[in-house]
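The structure appears right after this line, and notes come after that.
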Amino acid sequence: MIQTALRLQEVQEYYFSRKLREVRQLKEAGHPILNMGIGSPDLPPSGEVLQTLKESLEDPGAHQYQSYQGLPELRHTIADFYRKKFGVDLDAQTEVLPLMGSKEGIMHISMAFLNPGDRVLIPNPGYPTYGSVTRLVGAEVVPYALTEANNWFPDLAALEAGGLDGVRLMWVSYPHMPTGATATREQLGELVRFARRNKILLVNDNPYSFVLSRGPLSILEIPEGKGYVLELNSLSKTFNLAGWRVGMLLGDADLLQAVLKVKSNMDSGMFYGIQKGAIAALKSGSDWFDALDETYRVRRAGVFQVADRLGCSYDPRAVGMFVWARLPVGSPDAETFVDQLLYEKHLFVAPGTIFGSQGEGYIRFSLCVPQEQIREALKRLEPVRTINNLTKETER
């Protein structure tokens, strides 16, 4: 038999890949499953974006290979977007690198800066891909705990006291996924100074900065970060372009050049029409952002009611397209709770444990659900009933 690579022993199939097969099987068996677990935007892009894509198909050269660095117009538009939204000045030629989705950037960055045996600081809870990619490139995952008591911000003094030998890279994500916690400018400054002191490359993954966010920040606003900080961003959530796979990496020119060495050996450029659509999206006016937030604000109010009926607690100030909710006292573990909810109420939400051990005792709801489905979820949970007599009715 053909043997798989040893690196595959270090990772498992992505939870959602596995769990959604189960959800599909239940649907095929006739069960009316409501999926409130996946953060895949269900809203369309703007009409201007779609029209730009259509018109671009007739452009000469639209179907040829494209530049590894993206269209110059796209890089300049990204730089303009960061200048207007964050007050960050970037050189469009050397400090902006379009990506085919920010997820690929996690792999490219890891391949560019990590050697086997290097150590990587990974948030717990946090996006699972940080850990899986770290293992795939042969580096060592060093999880750092985030807690509700500390508003999901790392204890940097404790990290330094515990020793940072061999740590080359640190992943952060503010606004934070999955909790929706934000970091202040002062806290971002603490992270940057921590990275400089310890000669660690700090990468902020920032795709949720324009979903229900009251004051979006970029870690690139911290001047001391030059040479030590990169930021990933994405058009998936902000502009409902998840399937288009458009992301970006921003930061010091030398760091981006290293990533480009990897990227240019992995793909042959982003489709021209997608780049033109991305340019149109990035030029969207305030009406777009206001309408998007209003939709998610209404949905979030409904999801809060769903959480209430399950006896969960949550932070109403959190941002992004998820609601991170603490299970009530006396609940089973998160995955058991989720399975019981799935099989007894035909409602799927994500268990907090898929984001790390610190996610035990929590579940995550997605706001990428039409309002009528949220109303249906509320109907299924009314009156509030126990799940196998383990979740008690809570008056709020």
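The values are calculated or read from the model by the stated rules, or taken from the named source; none is laboratory data. Computed from a predicted model, the values in this text were never measured in an experiment. When we count neighbours, we look across all protein chains shown, and the Cβ atoms used for this are built from the backbone with ideal geometry, even at glycine. With ligands, DNA and RNA removed, areas are computed over all heavy atoms of the protein, side chains included. Shrake-Rupley method; radii C 1.70, N 1.55, O 1.52, S 1.80 Å.
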Under 27 Å, Cα to Cα: Lys pairs in segment 15-117, sequence gap 8 or more or different chains:
5
Given Cα pairs under 8 Å that are at least 6 residues apart, what percent is the relative contact order of the chain?
23
Relative to a virtual label point 7 Å from the Cα of Asp42 in the Cα→beta-carbon direction, which members of segment 331-348 show backbone nitrogen distances below 14 Å?
347-348
Given the options Leu169, Leu20, Leu34, state which has the largest fluctuation in a GNM of the chain using a 10 Å cut-off (strictly under) for Cα springs.
Leu20
Hey, if you put +1 on the Cβ of every Lys and Arg and -1 on every Asp and Glu Cβ in segment 14-64, which of Val23, Ile38, Leu53 ends up farthest toward the positive end of that dipole?
Val23
Separation of the Asp165 and Val298 label points, Cα + 7 Å toward Cβ, nm:
5.9
Using r as the Cβ-Cβ distance of Lys345 and Asp267, and R0 as 35 Å, what FRET efficiency do you calculate, to the nearest 0.05?
0.25
Carbon and sulfur atoms: what percent of the 1.4 Å accessible area of segment 239-396 do they account for?
48
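What is the magnitude of the charge dipole of segment 46-195 about its Cα centre, with +1 placed on the Cβ of each Lys and Arg, -1 on the Cβ of each Asp and Glu, and no other charges, expressed in debye to the nearest 20?
On the way: 11 positive and 18 negative charges, 39 e Å.
The calculation lands at about 180 debye.
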Among the chymotrypsin sites (Phe, Trp or Tyr not before Pro) within segment 315-351, which fall in a DSSP loop and have no more than 15 other Cβ atoms within 10 Å of their own Cβ?
none
Carbon + sulfur, % of accessible area of segment 74-178 - ligands and nucleic acids excluded, 1.4 Å
49
Go through Gln69, Ser286, Met321 and say which Cα lies farthest out towards the positive end of the charge dipole of the chain; charges sit on Cβ, +1 for Lys and Arg, -1 for Asp and Glu.
Met321
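Per residue, how much accessible area does segment 23-153 have with a 1.4 Å probe, in Å²? Write down the numbers at each step before the final one.
On the way: 6190 Å² over 131 residues.
Computed with neighbouring chains in place, this is 47 Å² per residue.
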Label Thr336 and Gln51 with points 7 Å out from Cα along Cα→Cβ: what is the distance between them in nm?
5.6
About the Cα centre of segment 291-342, what is the dipole size in debye to 20, counting +1 per Lys and Arg Cβ and -1 per Asp and Glu Cβ, all else neutral?
220
For segment 1-90, with only Lys/Arg (+1) and Asp/Glu (-1) charged at the beta-carbon, what is the dipole magnitude about the Cα centre, in debye rounded to 20?
420
Per residue, how many Å² of accessible area does segment 245-396 show with a 1.4 Å probe?
42
